[in-house]
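Visitor: I have a structure I would like to understand better, so I am pasting it below and will then ask my questions one at a time.
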Amino acid sequence: MSVIDVHTHMLTLPYLELLREHGSGKYTLKKTRAGQDAVHLYDAPFMTLFPGMWDYDLRIRKMDEARVDLAIVSLTCPNAYWGGREVALKAARMVNDSMAEQQRARPDRIRFLASLPFQYADDAVAELDRCMTLGAAGVMVIANIDGEDLTAERFAPVWAAIDRRKLPVLVHPGAPQGVREMHMDEFNMIPPIGFMADTTLAFTRMIYSGFLDRYPNIKFIAAHGGATLPYLAGRLDRCWEMIPACSEVIREKPSTYLQRIWYDAVVYDSRALELCIAVAGSPDRVLYGSDYPHNIGDMAGCLARVNALPADQARRIAGKNAEGLFGV
C-alpha cells in the first residue's frame, strides 16, 4: 500500500535568517534552557531547530527508513505572519519556491502545500494563484493569523479564492496568544498544550460561526488528530443544545461538522486515534501524518499506530484517503 505523509514540515535557512532579522522582538531565535536552538514567541520556545527541517536528502533517507512513499510538505509556524507586507510576501515566496523546486526534482517523493501572507489579502490571493501554477497540492494555514481569528472578515477574499479552487487546507496550530500570561515558557508547554488549544479554538469558532457553511468546498484538515475536538465533541453538542449563543448561527449539531472535516493521525496513543476515527464518522476522514522533523515528530511510530488498525482502515488512512483528497 502507498504511504503518504500529509503533516510534515520543511523550511529554509534563508527563511530563518529573515525571521531573525524581522521578528520584531516577538519572534526570536535563541537557545532554550536545555541549550537547543529554537524559535521563541517572546520567551516561550515553540520550534526547536534540526537539520531535517532544511535537508531534503536527510528527509528522503528518513522516509525510506520509515517506509513512507510521499511527503506533502508544508511550512510550520509562524509561517509568513510577521515582518510587514514586503517581508511576509518574501517569506512565503522563498519557502514556496524551495518546496516547488524539490517537488520538480523528486516528483515521486515530494509535494507541497502553499503558504500565503494571509494578512495581506490581495498578495495572498496572488501568491495562491502563483503556487497553483507551481503545482501546489493545497494550502497550509496557522490556526491564528498573528493573533487574529481565521474567521475574521479581512481574510474572506483569501478563503473565497481557496473555496473556488476546492482545495485541501491543513490547519496547523501556532503558538497561541497570551503565552506570557499563561506562563507557557515553563516546561516548554506550547507544544503539549498551547498547540492543542490553538487548533481547538480555531475549529470551534469555525463551527459555531457558520464559517464551514460559508466555504463548503474547502477540505479542512485538523492537525494532530483534531487536538481536543474528538474528546470535546459531546460537550460542544450539549452547549449547542443548552446555550443560546452556541446555536444562534448554526442549525446542526457541532458533531455533524466534525464529520465534514479531515484529521491527521499525529497522535501518540492508539486510543486517541480510535476516538478520532469514531468522531470523524469514518476512517475515510483520517490521514497519516508524522510531524517530522519536529522533535516530537515520529514517522515510524505514527505509521505503526495506523498499521495496527484493521487492514482496510490502515490502507485507507496510510495513503488511499490522501490520494483522493490531494489528487496525488
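Each reported figure results from applying straightforward, stated rules to the coordinates on display, with no laboratory input. Because the structure is predicted, anything quoted here is derived from the model rather than measured. We place every Cβ from the backbone using ideal geometry, glycine too, and count neighbours over all the protein chains shown.
Visitor: Which cross-chain or sequence-distant (5 or more) residues have an amide H under 5 Å from the amide H of Ala114, H modelled 1.01 Å from N in plane?
Guide: For Ala114, whose amide H was placed from the backbone, the distant partners under 5 Å are Ala137, Gly138, Val139, Met140.
Visitor: Let me ask another. Taking the Kirkwood radius as the inverse of the mean 1/r across Cα pairs, report the Rg/Rh of region 6-52.
Guide: 0.97
Visitor: What is the packing order of peptides 136-148, 30-42, taking the mean over residues of other C-beta atoms within 10 Å and listing the highest first?
Guide: Put in order of decreasing packing, that is 136-148, 30-42.
Visitor: Right, another one. To the nearest Å, what is the center-to-center distance of region 40-81 and region 203-252, using C-alpha atoms only?
Guide: If you average the Cα positions of each part, the centres end up 29 Å apart.
Visitor: Further question on the same structure: Taking the convex hull of the Cα atoms, report for region 181-328 its projected area averaged over all directions, in nm².
Guide: Averaged projected hull area, Cα only: 10.0 nm².
Visitor: Which net charge results for the neighbourhood of Tyr268, defined as the other residues with beta-carbon distances under 15 angstrom from its beta-carbon, given Lys and Arg at +1 and Asp and Glu at -1?
Guide: So the environment of Tyr268 carries a net charge of -3.
Visitor: For a protection proxy built on the mean count of beta-carbon atoms within 10 angstrom, sort 234-242, 58-66, 7-15 highest first, please.
Guide: Output ranking for 234-242, 58-66, 7-15: 7-15, 58-66, 234-242.
Visitor: Of the peptides 46-56, 267-277, how do they stack up when ordered by the mean number of other Cβ atoms within 10 Å, highest first?
Guide: The densest-packed peptide leads the list: 46-56, 267-277.
Visitor: Sum up the lysine pairs in the chain that clear both bars: alpha-carbon distance under 23 Å and a spacing of 8 or more or different chains.
Guide: 7
Visitor: Quick one: the Cα spread of region 1-105 along its three principal axes, in angstroms, biggest first?
Guide: Cα extents, longest axis first: 46, 34, 18 Å.
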